[in-house]
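The values are calculated or read from the model by the stated rules, or taken from the named source; none is laboratory data. All figures in this text were calculated on a predicted structure; none of them were measured in a lab. Cβ sites come from the backbone with ideal geometry, for glycine too, and all protein chains shown count toward neighbours. For accessibility, only protein heavy atoms count, side chains too; no ligands or nucleic acids. Shrake-Rupley method; radii C 1.70, N 1.55, O 1.52, S 1.80 Å.
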Amino acid sequence: MKRTAIFALALLIAVTLAPMCFAASAQAALAVDEGVFIITAGGQEMGKETFKVGSDFAESTVELTMPSMQMVMKASLKLDDAGATAYSLDAGVGGKVDATFADTVATLTAAGMQKTVQLASPRIVLENNVFSHYQVLLSFYDQAAAGVQQFAALVPGTLAAYPVSVERLS
């Protein structure tokens, strides 16, 4: 009898707590990382990036101050399980670049011209001076496989893709 009561109590607790555990897990999957990166060159602060990165997006505002000018860039990256689905960079007077993705092809539009670039899966975007994109790249690193892993990253500001190697050292 006592054993049955303990079993019933344990079952009741498990049934009561299970939905809470699943809800916490779902909230963790939707967690958003946000913060500020300070950008330096030669030990001097050159600007900052204010960012938010979630499971299906990355948004950044980069403010750079150089001796001859100041620049503000706004970057917006949409994501799914295969990587980037859409990207937009507005650099004000520096121009605007938009990218759409289908399978392993990126179509870039900038200054009235259009260019297609071949990528691999996952579709990675690494814009110059947008450091939060590296958080997205690292989310595609397969920790179980470990070692050096190869990616092809689109750099929209250059209208080209480049090979990238990632290895976790510790």
- Query: Can you work out the FRET efficiency for the pair residue 80 and residue 169, with r the C-beta to C-beta distance and R0 = 41 Å, to the nearest 0.05?
  - Reply: 0.90
- Query: Which value, in Å² rounded to 10, gives the accessible area of residue 136 with a 1.4 Å probe and all protein chains present?
  - Reply: 10
- So what are the three principal axis dimensions of region 55-170 from its Cα atoms, in whole Å, longest to shortest? 45, 31, 23
- Query: List the lysines whose alpha-carbon lies under 29 Å from that of residue 115, not counting same-chain residues fewer than 8 positions away?
  - Reply: 52, 74, 78, 96
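Expressed in nm to one decimal, what extension gain is obtained for the pair residue 118 and residue 33 from 0.36 nm per residue of sequence separation less their Cα-Cα distance?
27.6 nm
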- Of the options 66, 39, 100, report the single residue whose Cα projects farthest towards the positive end of the charge dipole of region 25-115 (beta-carbon charges: Lys, Arg +1; Asp, Glu -1). 66
- Message: If I model a spin label as a point 7 Å beyond the Cα along the Cα-Cβ vector, how far apart are those points for residue 143 and residue 160 in nm?
- Response: 3.5
- Note on the structure: Heavy-atom accessible area with a 1.4 angstrom probe orders 66, 73, most exposed first, as 66, 73
